[in-house]
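Asker: My questions will all concern the structure given below.
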Amino acid sequence: GAVVSQHPSRVICKSGTSVKIECRSLDFQATTMFWYRQFPKKSLMLMATSNEGSKATYEQGVEKDKFLINHASLTLSTLTVTSAHPEDSSFYICSAWEGGGADTQYFGPGTRLTVL
Amino acid sequence: GENVEQHPSTLSVQEGDSAVIKCTYSDSASNYFPWYKQELGKRPQLIIDIRSNVGEKKDQRIAVTLNKTAKHFSLHITETQPEDSAVYFCAASSGNEKLTFGTGTRLTIIP
């Protein structure tokens, strides 16, 4: 199957700092990338949908100025958590979709963010 | 928007027995229903999926059934093994590839 990487896998930062997470599709071009957030023992909650070369579409309740998403190429999307606070601590997972007739989203391994 | 409900939230099954997890969805436009397996701290892994023009799909010990009229779909795992222990998520999509996930089922296989 297709491979999606995510970096870093784990990050610890101080309150008030910004953290950038990268999501890459390694062996296919992703028309669309999705960013999810997952709290412990909870389901995946979609934060935003990112299409290459256009602005991300954010889900209701997700602050677009706090969670900056850039999808600069068909293989790379980034999520920047700005001015992070302890309540932003979570597991962030991206997925990539090839588009066209493809159904399947392929998930990255996730990034565990801990804000002190 | 779409709402996906999943039951049960936890399920313990004796090794070798079958496990069934059920999901319901609300949006009649949904036409793609994947199932994911997630181990602790890992990424969700697609284990099987079904489109709305099919009522049942099977892959070895795993099968999925879909009832469009009732808007529910189920995952069936037969001859369960300890490595089947994980959290399972159902999801639904209406063709724009935006997935709405169920709340998850923690499956424990008892040796």
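Asker: Out of all the residues in the range A:89-110, is one or more over 17 Å from B:LEU99 (Cβ atoms), touching a Lys or Arg at 6+ places or on another chain (Cβ under 8 Å) and part of a strand (DSSP E or B)?
Answerer: Checked the range A:89-110: at least one residue is over 17 Å from B:LEU99 (Cβ atoms), touching a Lys or Arg at 6+ places or on another chain (Cβ under 8 Å) and part of a strand (DSSP E or B).
Asker: For residues in the range B:61-111 being closer than 30 Å to A:GLU59 by Cβ and among the basic types (Lys, Arg), which is modelled with the lowest pLDDT?
Answerer: Here the answer is B:LYS98.
Asker: Select from the range B:34-49 the residues that are at the interface with chain A (Cβ under 10 Å from one of its Cβ atoms) and in a strand (DSSP E or B) and write down the one among them that is nearest to A:CYS94 (Cα to Cα).
Answerer: Per the stated criteria, the residue is B:GLN45.
Asker: Counting only residues that are part of a loop (DSSP other than H, G, I, E, B) and either touching a helix residue (DSSP H, G or I) at 6+ places or on another chain (Cβ under 7 Å) or in contact (Cβ under 8 Å) with a residue 12 or more places away in the chain (or both), how many does the range B:54-65 have?
Answerer: Residues meeting the conditions: 3.
Asker: Need the failing condition index for A:TYR58 against (1) more than 10 Å from chain B (Cβ to nearest Cβ); (2) within 24 Å of B:GLY1 (Cβ to Cβ); (3) among the hydroxyl-bearing types (Ser, Thr, Tyr); (4) crowded, with 21+ Cβ neighbours inside 10 Å, just the number.
Answerer: (4)
Asker: Can you say whether B:LEU75 is of a type outside the set (Asp, Glu) and touching a Pro at 6+ places or on another chain (Cβ under 6 Å), as far as the supplied structure shows?
Answerer: Answer is no for this residue.
Asker: Anything in the range B:1-33 that is surrounded by 13 or more Cβ atoms within 10 Å (Cβ to Cβ) and touching a Pro at 6+ places or on another chain (Cβ under 9 Å)? List them, or say none.
Answerer: Those that are surrounded by 13 or more Cβ atoms within 10 Å (Cβ to Cβ) and touching a Pro at 6+ places or on another chain (Cβ under 9 Å): B:GLU15, B:ILE21, B:LYS22.
Asker: Among the candidates A:SER15, A:SER73, which residue alone is among the small types (Gly, Ala, Ser), touching a helix residue (DSSP H, G or I) at 6+ places or on another chain (Cβ under 7 Å) and either within 14 Å of chain B (Cβ to nearest Cβ) or surrounded by fewer than 18 Cβ atoms within 10 Å (Cβ to Cβ) (or both)?
Answerer: A:SER15
Asker: Among the candidates A:SER54, A:SER15, A:SER95, A:SER25, single out the residue that is among the polar types (S, T, N, Q) and in contact with a Ser or Thr (Cβ under 6 Å, 6 or more places away or on another chain).
Answerer: A:SER25
The rows are residues; the columns are (1) under 27 Å from A:GLU98 (Cα atoms); (2) in contact with a helix residue (DSSP H, G or I) (Cβ under 7 Å, 6 or more places away or on another chain); (3) of a type in the set (Lys, Arg); (4) assigned to a loop (DSSP other than H, G, I, E, B).
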position: A:ALA2; (1), (2), (3), (4): yes, no, no, yes
position: A:GLN6; (1), (2), (3), (4): yes, no, no, no
position: A:LYS20; (1), (2), (3), (4): yes, no, yes, no
position: A:GLN29; (1), (2), (3), (4): yes, no, no, yes
position: A:MET33; (1), (2), (3), (4): yes, no, no, no
position: A:TYR36; (1), (2), (3), (4): yes, no, no, no
position: A:LYS41; (1), (2), (3), (4): no, no, yes, yes
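Asker: Can you confirm whether A:VAL4 is surrounded by 13 or more Cβ atoms within 10 Å (Cβ to Cβ) and either within 11 Å of another protein chain (Cβ to nearest Cβ) or over 21 Å from B:ARG43 (Cα atoms) (or both)?
Answerer: The answer is yes for A:VAL4.
The values are calculated or read from the model by the stated rules, or taken from the named source; none is laboratory data. Please read all numbers here as calculations on a predicted model, not as lab measurements. Heads up, the Cβs are rebuilt from the backbone with ideal geometry, glycines too, and the neighbour counts pull from every protein chain shown.
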